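First comes the structure, then the notes that go with it.
We did not get these values from a lab; they are worked out from the coordinates using the rules stated. Keep in mind it's a predicted model, so treat the numbers as computed, not measured. As a convention, Cβ positions derive from the backbone with ideal geometry for all residues, glycine included, and neighbour counts pool all protein chains shown.
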Amino acid sequence: MKLHSLKNTEGAKKSRKRLGRGDSSGFGHTCGRGEKGQSSRSGSSRRLHFEGGQIPLFRRLPKRGFKSRNHKDYTVVNIKDLEDNFNADATIDANVLFENKIVPKIKFGLKILGSGEITKPLTVKADHFSETAKAKIEAAGGKCEINK
């Protein structure tokens, strides 16, 4: 097989509509746009979700609640995950958690939550700590360091 012997499969290449080339072509006169109206004019297009002047669906549906534009989506880790995956006196930060596949990705920052128990002294560096997490880590002899 050589490059000059390659051929397209049947139906792979379709010739374009040649508009305005006489009535016998099937696309003469109005060029397949039909008669009159907005969509027969040149430059005509309607925006996405346009419903012909009817109130669009997204405006008809009720709106509830509030979404802040400045919402910060933190990656959260519980202290039971730290207990299960690290040895005593380990230093833990977002990069270590990512490398050990404990978190899939670091979004805005890292927050440590207090679910579970901890017995090992660990040094944890994060952007935020819950009060219970901070209390449990320090009770176990560890340190909580806030990133700045």
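Compactness of the chain was expressed as the Cα radius of gyration divided by 2.2 N^0.38 Å, which yields 2.16. For the pair the range 101-127 and the range 24-38, the centres of their Cα atoms are 66 angstrom apart.
Most tightly packed first, judged by the mean number of other beta-carbon atoms within 10 Å of their residues, the peptides 102-109, 139-146, 66-73 read 139-146, 102-109, 66-73.
In the chain, Cα pairs under 8 Å separated by at least six residues give a relative contact order of 16 percent. Here, the range 49-130 has an Rg and a Dmax of 20.5, 67 Å when only alpha carbons are counted.
Charges only on Cβ, +1 for Lys and Arg, -1 for Asp and Glu: so what's the dipole of the chain about the Cα centre, in debye to the nearest 20?
I would put it at about 1740 debye.
Only lysine pairs 8 or more places apart or on separate chains count here, and in the range 75-146 those with Cα atoms under 14 Å apart total 12. Exposure proxy ranking for Phe50, Phe98, based on other Cβ atoms within 10 angstrom of each Cβ and starting from the fewest, stands as Phe50, Phe98.
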